[in-house]
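Structure incoming, see below.
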Amino acid sequence: MDLISTTADLRRACERLAAHPFVTVDTEFLRETTYYPRLCLIQMAGPDPADAVLVDPLAPDMDLEPFLGLMADPRVVKVFHSARQDLEIVWNLGRMVPAPLFDTQVAAMVCGYGDSVSYEQLANDLAKARIDKSSRFTDWSRRPLTDAQLTYALSDVTHLVKIYEALTAQLEKNGRSAWLAEEMAILSSPETYQADPEHAWKRLAGRLRKAKEVAVLMEVAAWREREAQSRDVPRGRILKDDALVDIAIAAPRSVEALGRLRTIPNGFERSRTGADILEAVERGLARDPATVPMPERSRGRGNTGAVVDLLKVLLKAVAEQEGVAPKIIATVDDLEAIAENDAADVPALHGWRRTLFGEKALALKNGQLGLVLERGRVKMRAVAPA
């Protein structure tokens, strides 16, 4: 089993694959020591098993332009499983997102296979194949790759062909192809992969309650994100998440105050990095608290706990009845927002989700729908007006 290691061979392989209506794609990468994932291997296959290929992006003078051209070809559906990280790699390579796109994990959720179903489960259920996972956590950057690694890597795209064909048939039979299209629109958006430092604070803000704290976090998190990107190292190598939260809460304005924080490494406060942090703190404190966007979880949702609990039961009942994974219909944040506001701008109140679940959720909340237990299963019943 050979690796494609020249641009000319890659071009010929991509030309063959472009003749098919779809191509299955996977990548192997490392990101333990870097901010951006380091691409180590590309796997592709089409309906014809003879066209399955493995590509070595680490080969000397390898130009991945033919691969990016195939990923941008509007005539060919690009099929991934759990695509987000693979798509991030393609975005970093060429500032483009493969389209049209099909994610078998999302499609499986729409078809009722449960939340975040694994590739191994789908391969077993739909392709009647068993995956040898012994090579999964090997070092894909080391050369030469072993036969076991290459066999494992190729199986990630060859079995995906049958999985894609089976899920496509199920979606068409159930009339749910449009549901998947909505999800693919989100995955295909460049905004999904643009790591904007100005948004880095949102992932950590749930533990904060004051506008001043969030303002400081916004500045410090943006500084850390820029540092990690420029040095190409993981965020935690710059400063741990807990340290950022501690800085936001304490808002230290001197070297000594910064050094007293338990999550700051000894001597860190007197380094150039320490000075940068203190400058970020000052920028945060200078923000007008009235203009600071407080995170949803910091706002408190009043006495809606019981409503949320009922909506969770309804969600489970709808998911079982319709054969759809609950996670793709609504999140807990969606349920909390609906409990607070009938016009909440959440996915569960738009598109197919509103038809499937959102309208029922509003009816339940407003006393127009009831839940009853019949033979151990939750059933929905309309409630007559009083």
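The values are calculated or read from the model by the stated rules, or taken from the named source; none is laboratory data. Computed from a prediction, not measured in an experiment: that's the story for all the values here. Using ideal geometry, Cβ is built from the backbone for each residue, glycine included, and neighbour counts are taken over all protein chains shown.
List every residue pair whose Cβ atoms lie under 6 Å apart, where the two residues are 6 or more positions apart in sequence or sit on different chains, the first residue falls within the stretch 152-181 and is more than 14 Å from Thr24 (Cα to Cα), and the second residue, located anywhere, is surrounded by 17 or more Cβ atoms within 10 Å (Cβ to Cβ) and among the small types (Gly, Ala, Ser).
Tyr152/Ser135; Leu180/Ala107
Return yes when Ala13 is of a type in the set (Gly, Ala, Ser), crowded, with 17+ Cβ neighbours inside 10 Å and either out of contact with any Ser or Thr (no Cβ under 7 Å at 6 or more places or on another chain) or not assigned by TED's automatic domain parsing to the domain that holds Ala123 (or both) and no when it is not.
yes
Is one or more of the residues making up the stretch 218-233 among the acidic types (Asp, Glu) and on the phi > 0 side of the Ramachandran plot?
Yes, the stretch 218-233 contains at least one residue that is among the acidic types (Asp, Glu) and on the phi > 0 side of the Ramachandran plot.
Only one of these is aliphatic (A, V, I, L, M), under 25 Å from Lys162 (Cα atoms), at pLDDT 95 or above and part of a helix (DSSP H, G or I): Leu87, Leu54, Leu41. Name it.
Checking each option against the conditions leaves just Leu87.
Could you list, ordered by first residue, the pairs with Cβ atoms under 8 Å in which the first is in the stretch 357-368 and more than 14 Å from Val318 (Cα to Cα) and assigned by TED's automatic domain parsing to the domain that holds Val307 and the second is of a type outside the set (Gly, Ala, Ser) and in a helix (DSSP H, G or I), at least 6 apart or interchain?
Lys365/Val307; Lys365/Leu310; Lys365/Leu311; Lys365/Ile338
Say whether the condition of being under 24 Å from Ala108 (Cα atoms) and out of contact with any His (no Cβ under 7 Å at 6 or more places or on another chain) is met by at least one residue in the stretch 300-309.
For the stretch 300-309, residues under 24 Å from Ala108 (Cα atoms) and out of contact with any His (no Cβ under 7 Å at 6 or more places or on another chain): absent.
Only residues that are touching a Ser or Thr at 6+ places or on another chain (Cβ under 8 Å) and crowded, with 22+ Cβ neighbours inside 10 Å: list them for the stretch 16-38, please.
Once the filter is applied, which keeps residues that are touching a Ser or Thr at 6+ places or on another chain (Cβ under 8 Å) and crowded, with 22+ Cβ neighbours inside 10 Å, the stretch 16-38 yields only Thr24.
Determine whether Gly358 is over 18 Å from Val216 (Cα atoms) and at pLDDT below 95.
Here the answer is no, as Gly358 does not meet what is asked.
Give me the pairs: first residue in the stretch 25-46 and closer than 20 Å to Phe102 by Cα, second residue of a type in the set (Lys, Arg) and in a strand (DSSP E or B), beta-carbon distance under 9 Å, and six or more apart or on different chains, which are they?
Every condition considered, the pairs that remain are Val25/Lys78.
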